[in-house]
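To start, the structure under review is shown below, and the notes come after it.
The values are calculated or read from the model by the stated rules, or taken from the named source; none is laboratory data. The structure displayed is predicted, hence computed values, not measured ones. Here the Cβ is made from the backbone with ideal geometry for all residues, glycine too, and neighbour counts use every protein chain on show.
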Amino acid sequence: MKDVLYFAPTELTEALKLLAQYGEKATILAGGTDLVPRINYYELKPEVLVYIGNLGLDYIEQSDGKLVIGAATPTAKIAASPLVAEKAAALAEAARLSASPAIRTAGTIGGNLANASPAADLATPLIALGATVVLVSAKGEREVAVEEFFKGPGETVLQPGELIKEVRVPIKKGKSVFLKLGRRKAMTLSVVNVAVYVEMEKGQRCVDARVALGAMAPVPLRCKKAEGVLQGCVLPMSALEGAEFLDKARIEKAAELAIAESSPIDDQRATAWYRRKAGKVLVARALAAAAGVAI
Amino acid sequence: MDATISFTLNGRAVTVRTDPVRTLLEVLRNDLGLTGTKQGCDLEGECGACTVLLDGVPVRSCLTPVGKVEGREVLTVEGLGDPDRLHPLQKAFAETGAVQCGYCTPGMLMSSAALLARNPSPSRQAIIEALEGNLCRCTGYARIIAAVELAAARMRGESSPDGGAAQARPIGGDLLRVDIAERVTGRTQYVEDMPMPDALHMRVVRSPHLHARVVAIDTQKALEVPGVLRVLTAADIPGENSIEGYSKDETVLVPVGGTVKMVGDAVALVIATTPEAAQAGVAAVEVAYEPLPALLDPEEALAPNAVPIHADGNVLSTFAVTHGDANAALAASDAVVDVTYRTSYLEHATIEREAALGYIDEEGRITVVSGTHEPHWHRDFVAPVLGLEPSQVRVIMPPTGGSFGKRQDPWLVAATALAVYHMRRSVRIAYTRRESFDASPKRHPYVCRYTVGATRDGTLTGLRLRVTANTGAYDSGGYYIPNYAIVAGGGAYRWQGVDAFAQSVYTNGPKAGQMRGYGTPQSNFALECTLDEMIQRLGDDPVEFRLRNAIAQHETTWLGYPVAESLGYRQVLEAIRPRYQALETAARAFNESERNSPWRKGVGLAGMWYRFGKYGIPRVAAEAELGLDGRFVVYCSAPDYGQGTATVMVQLAAETLGVSRAAIRLVNADTATTLDSSVPGASRATYWVGGAVCRAVTALREVVAAVASEMLDCPPSAIVLADDRVMAGGDARRSVRLSEVAAEMERLGHSRKVTGVLDLRAQFPNYEREVYTPHFVTGAQVAEVLVNTTTGQARVTRVVAAHDVGHAINPRDAQGQIEGAIVMGLGAALMEEFVPGVTTGFSDYYIPTAKTMPDIEVILVEVPSYQGPFGAKGLGEAPILPTAPAIINAISRAVGARIREIPATPERILAAARRGGLR
Ligand SMILES: Cc1cc2nc3c(=O)[nH]c(=O)nc-3n(C[C@H](O)[C@H](O)[C@H](O)COP(=O)(O)OP(=O)(O)OC[C@H]3O[C@@H](n4cnc5c(N)ncnc54)[C@H](O)[C@@H]3O)c2cc1C
Ligand code: FES
Ligand code: FES
């Protein structure tokens, strides 16, 4: 870990220049909570570290109907933000339940995404909320949907020289819910986590539903089939017309489909069997809470 | 590439020139000499011991590259307060018993300080959330949370009760620990904190194989690594390559031609000028292995054609008890339960990793400072390795960050001594957390088959018990495991017939050895769960059933002799009965009203007996001295790794002398200055060493009184001791200073140091029997558990614990021991499992956090012992025994199906709920 070139630029352009200059040799350092353990344990020997904590990428704003969160915003700040709690409840909850206080003060939203763990807690709510990430490099800027950002465990669409600048979360009318199961109450990686977004027209007809699962596939997963069976459904007592009733059976059907789309594995934390069983319960519970259905 | 980094540290500007990628933790500890901030894991963010404040916000200093703190403000435990001006949090931690070993304390304090700065009136929940990332293995968290509440109240200016610092009498009151001000300010120096600037660094070459023959060891490349000075192999051992006496057939270093028997087996020691060079040296040592078939399952290791792991086969030891006619008793039973229970490998997971510092002392002795349960034992095991006499070796117990049995393994002391022997220089070593997991002894996994009979009216009849204990690669102090398994496995119950057999079996799993409760929690778990199965079968009541079948004080037990100490089991069960009934009724009501929810509440009860007898001759010695300065000095060997033994010894001495604690100085656990107690700490220290200390100070008092009575011209019986003087009767005008008495003794040539001996051979006449364990403490616990039957998640909401402690010398510490044991037992019940070759550290071996902690209610039942000091018994280990079975009984009752394997992970609970017909 010695003899690393360490840069702490204070301007984004400067950082991008460094990233362009060193290309694949450069490693971005944000909160360091994923990266530093790997360096400490000699697994990783970066040649050039570019610290991005001084670039002014620590912000939570509302603009153009979107919640805009700087990539270097610590998880703790997201967990404590009233704005996030109001506009993106599932994200706030995921932030609150991730890691532990002294990790959340350092760990960032950008790092959580770029690290691309299948169990990353902030990824599922961002997928359910239809968020995008803004990627910048010396060559320019592009915007990618979070659900298309991940390619595999530890793999993303990020190119050498590119960094996540911010996350944009569309502010919508519906309700989002995040649920997580781990092997203990605190400081635990997700054995399975679920985020859903449901929008009910007049509180009665489902006009938008999104379901995302974490730790259930090589990447955080969006479950489109599950979403499909919820579209247009109405609450059983509703006066509105709908394709089908949005009731306990429908929600369980959606949960089943979501699990069918996943491909969980056995690991130290849980077996695939358990992940499927508990994941289904979690999806159903989250959907029921978001849609206002008793199950 | 070095850079200059300036920041504010504890209010002062500092500048360091260093590589900005080094961690803040390393820079604080190594470059700036602030060792209050601790390292508990492999710099991976998992333990929280390294927590400091960065601009007022808690961060892990191990994950903070020091470059990041440029221009910012860092606060460490040293900056929070100092021994003369404690921060309110430090004061409250000291007063509430929030500190046991103290290794987690600095991190806890910093997380708490950040919370209170932000939120002066935090709710309990807010405190728990603020501390959820700080692991503590000793306290069970309850007292830490109480300390934060107390400090917050005081900081808000609210009057609050004194934490109990001022008490009239030394024992029985809630007293501060002896060295508490140092512990809460980060001043206490644990081994890794002790400065020794020119010390060399040692790392260990360990086996990556479960089982393999060492064909060759090539050290050439390692010796070429810059900084590497020496690589030691078995060929460099001057004496015996063995720690016989502690562990049969275990080598210090596996020789060429020998076999490594587990992952982590030591093959060579690399000694270098820096830790990095030593590590590089380890990587460069070339060991050629020829892999051998590996056995992990003890049942397979017992098969007739199994590969022998040791020359004498795969059975280390066996033990059997036969009492009455078990077969006939079982045949005559109305109900028979025949079940098999399983437990897994557990790791102590103390927050301090194994560490040692070796050097040559002023008298030329090879000296090792390292955590131990009896330094004399370690000295005696290690001297033969070096081919030296015990007097040429010295072992010193330093302040230690927890043990739970871990530090009884002498390997580290042997390896360090060997390095010092060759280098003639100081050498230090600290394990990585991974190494600690790989190489330290574990709790033995058991397979217990129970066949238990009872009559229709709920009277126990016969017990057939078969225990297979997996001792892993080595004996490692596990030789007597079968014996302990059976004594605990039969319990404090009246059996008409017992046929019990246990064996300890070698496998290629990690060596299993000492761990809190040594071999008893596993079989007690199986026993108490089996009994619960019987109780449910009979529709009986868990308290009444146990009371009905409990051994009476004077009857001959199924072990073949009566107990020789007071047995409080009935009193314990009676004390817990109303709490059990209330919780059970509440659970029924809950389950009724929540019939349609996935939640079920269960209440379970379990009991235990635990022996705290001493091995060998029931005789222990200690010394007491009148110092020339007039202070009393107590010399004994009762190592304190966090449980508070040092404080107890001082309290006992002060109470016996009738002086305050300040008048006593303790010299503890150093082979050069104290006598061998042959009491390996923990539960036995208070009763045995404490008893010897009381006798030593009593003898000293007599000598002092004799001399003082001459000086004051009064009869010795009229002499009254005060802290600094001796008076004739109550007359303060007729007094001499203790320092004057000491001077007079010098003048007269009287020895100022006397020996006190606790000798109970007359009281325990059977001590020469092979298995004679007549001293038991008892206890019972009730657990209330909330289970989600659709996800298998279980939450232990409440534990009520009733324990017979004889007489609580320090009630607060006794409660703290019980709380810590319960949370550790909860970990074993629900989440802890070491899987050989898979588990690496805190990221995959989950121990309970503050959020896992249940509400704990402790009932101290005091049934005075006959022989212990002031009626005290032993406590440290016992309270872990009933926790897991109480929890498992609660879960099994909640889901309507038995769980027979721990940990009861959500998977296993979900599977049981499905068997039980729930969802
Ligand atoms: C004890 C512990 C517990 C944890 N628990 C949880 C948990 O419960 N849930 C969870 O989801 N995570 C958990 N984590 C993981 C981690 O804390 C989070 O993933 C965190 O958000 C990572 O952010 P960071 O800023 O620390 O990332 P860093 O470690 O700084 O970086 C991680 C990776 O992302 C890259 N990177 C960082 N920022 C950017 C950027 N803006 N653009 C491009 N690449 C970037 C880095 O190069 C690196 O490869 C835990 C970690 C620890 C140590
Ligand atoms: S040493 Fe930093 S968290 Fe363990
Ligand atoms: S006191 Fe917390 S780890 Fe020992």
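Sort out which residues of the stretch B:874-919 are of a type in the set (A, V, I, L, M, F, W, C), surrounded by fewer than 21 Cβ atoms within 10 Å (Cβ to Cβ) and touching a Ser or Thr at 6+ places or on another chain (Cβ under 6 Å), and write them in order of number. Selection gives B:L918 alone.
Look at A:R269 and say whether it is assigned to a loop (DSSP other than H, G, I, E, B), within 14 Å of chain B (Cβ to nearest Cβ) and touching a helix residue (DSSP H, G or I) at 6+ places or on another chain (Cβ under 8 Å). Spelling it out, it is not the case that A:R269 is assigned to a loop (DSSP other than H, G, I, E, B), within 14 Å of chain B (Cβ to nearest Cβ) and touching a helix residue (DSSP H, G or I) at 6+ places or on another chain (Cβ under 8 Å). Among the residues making up the stretch B:828-858, those that are at the interface with chain A (Cβ under 9 Å from one of its Cβ atoms) and not in a loop (DSSP other than H, G, I, E, B) are B:L830, B:A850, B:K851, B:T852.
For B:A622, the stated conditions do not hold, so it cannot be described as assigned to a loop (DSSP other than H, G, I, E, B), touching a helix residue (DSSP H, G or I) at 6+ places or on another chain (Cβ under 7 Å) and away from chain A (no Cβ under 14 Å). Going through (1) over 23 Å from B:L135 (Cα atoms); (2) buried (at least 19 other Cβ atoms within 10 Å of the Cβ) one by one, B:L826 falls short only on (1). The condition (being under 18 Å from A:I164 (Cβ atoms), at pLDDT 95 or above and away from ligand 2 (no atom under 16 Å from the Cβ)) is satisfied by just one residue among A:P9, A:P82: A:P9. Among the residues making up the stretch B:54-63, those that are under 21 Å from A:Y42 (Cα atoms) and either within 7 Å of another protein chain (Cβ to nearest Cβ) or within 12 Å of ligand 1 (Cβ to nearest atom) (or both) are B:R60, B:C62, B:L63. Each residue in the stretch A:53-72 was checked for being within 17 Å of A:L163 (Cβ to Cβ) and out of contact with any strand residue (DSSP E or B) (no Cβ under 6 Å at 6 or more places or on another chain), and 4 pass.
Filtering the stretch B:54-75 to residues that are more than 19 Å from B:E132 (Cα to Cα) and touching a residue at least 60 places away in the same chain (Cβ under 8 Å) leaves B:V66, B:G67, B:V69, B:E70, B:G71, B:R72, B:E73, B:V74, B:L75. Taking the stretch B:728-800 and the strands (runs of 3 or more DSSP E) fully enclosed by it, the elements with 3 or more residues that are of a type outside the set (S, T, N, Q) and in contact (Cβ under 8 Å) with a residue 40 or more places away in the chain are at B:753-759, B:776-788.
Evaluation of A:L44 against the conditions (1) assigned to a helix (DSSP H, G or I); (2) among the hydrophobic types (A, V, I, L, M, F, W, C); (3) within 13 Å of chain B (Cβ to nearest Cβ) shows that the sole unmet condition is (1). Look at the stretch B:837-850: where a residue is within 16 Å of A:A186 (Cβ to Cβ) and more than 11 Å from ligand 1 (Cβ to nearest atom) and a partner is of a type in the set (D, E, K, R) and not in a loop (DSSP other than H, G, I, E, B), sitting 6+ places away or on another chain with Cβ atoms under 9 Å, you get B:A850/B:E129. Checking the stretch B:81-97 against the condition returns no match, with no residue being within 14 Å of ligand 1 (Cβ to nearest atom) and surrounded by 23 or more Cβ atoms within 10 Å (Cβ to Cβ).
Does A:Y274 satisfy being over 27 Å from B:S843 (Cα atoms), among the hydroxyl-bearing types (S, T, Y) and not assigned by TED's automatic domain parsing to the domain that holds A:G152? No: the conditions fail for A:Y274.
Listed here are the residues, each with its yes/no results for (1) buried (at least 16 other Cβ atoms within 10 Å of the Cβ); (2) among the hydroxyl-bearing types (S, T, Y); (3) touching a Phe, Trp or Tyr at 6+ places or on another chain (Cβ under 9 Å); (4) in the same structural domain as B:A808 (by TED's automatic domain parsing).
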position	(1), (2), (3), (4)
B:W688	yes, no, yes, no
B:V703	yes, no, no, no
B:I719	yes, no, no, no
B:D723	yes, no, no, no
B:M727	yes, no, no, no
B:D731	no, no, no, no
B:L738	yes, no, yes, no
B:G749	no, no, no, no
B:V754	yes, no, no, no
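Being among the small types (G, A, S) and assigned to a loop (DSSP other than H, G, I, E, B) is the filter here, so list the residues in the stretch B:588-619 that pass it. B:S597, B:G613, B:G616 - these are the residues of the stretch B:588-619 that are among the small types (G, A, S) and assigned to a loop (DSSP other than H, G, I, E, B). Remark: B:I144 matches the filter, which requires a residue to be at pLDDT 95 or above, in a helix (DSSP H, G or I), away from ligand 2 (no atom under 16 Å from the Cβ) and within 22 Å of the chain's Cα centre (by Cα). Against the conditions (1) at pLDDT below 95; (2) of a type outside the set (D, E, K, R); (3) buried (at least 24 other Cβ atoms within 10 Å of the Cβ), where does B:I366 fall short? Just the number, please. Exception for B:I366: condition (1). Answer yes if at least one residue in the stretch B:497-504 is modelled with pLDDT of 95 or more and hydroxyl-bearing (S, T, Y), and no otherwise. Yes: the stretch B:497-504 contains one or more residues that are modelled with pLDDT of 95 or more and hydroxyl-bearing (S, T, Y). Of all the residues in the stretch B:681-714, those that are in a helix (DSSP H, G or I), of a type outside the set (V, I, T) and under 17 Å from B:M745 (Cα atoms) number 11.
Out of curiosity, is B:V785 closer than 30 Å to B:V861 by Cα, at pLDDT 95 or above and of a type in the set (V, I, T)? Taking the combined requirement at face value, the residue satisfies it. Here is a check on your reading of the model: is B:A430 touching a residue at least 60 places away in the same chain (Cβ under 8 Å), more than 14 Å from chain A (Cβ to nearest Cβ) and within 16 Å of ligand 2 (Cβ to nearest atom)? Taking the combined requirement at face value, the residue satisfies it.
In this entry, A:A72 is excluded by the filter for residues that are more than 11 Å from chain B (Cβ to nearest Cβ) and touching a Pro at 6+ places or on another chain (Cβ under 8 Å). Would you check if B:I535 is within 30 Å of B:Q581 (Cα to Cα) and at pLDDT 95 or above? Yes, satisfied. Within the stretch B:19-53, restricting attention to residues that are in contact (Cβ under 8 Å) with a residue 12 or more places away in the chain, among the polar types (S, T, N, Q) and more than 9 Å from chain A (Cβ to nearest Cβ), the residue that is nearest to A:Y41 (Cα to Cα) is B:Q39.
Residues in the stretch B:198-233 that are within 30 Å of B:V835 (Cα to Cα), in a loop (DSSP other than H, G, I, E, B) and of a type in the set (A, V, I, L, M): 1 in all.
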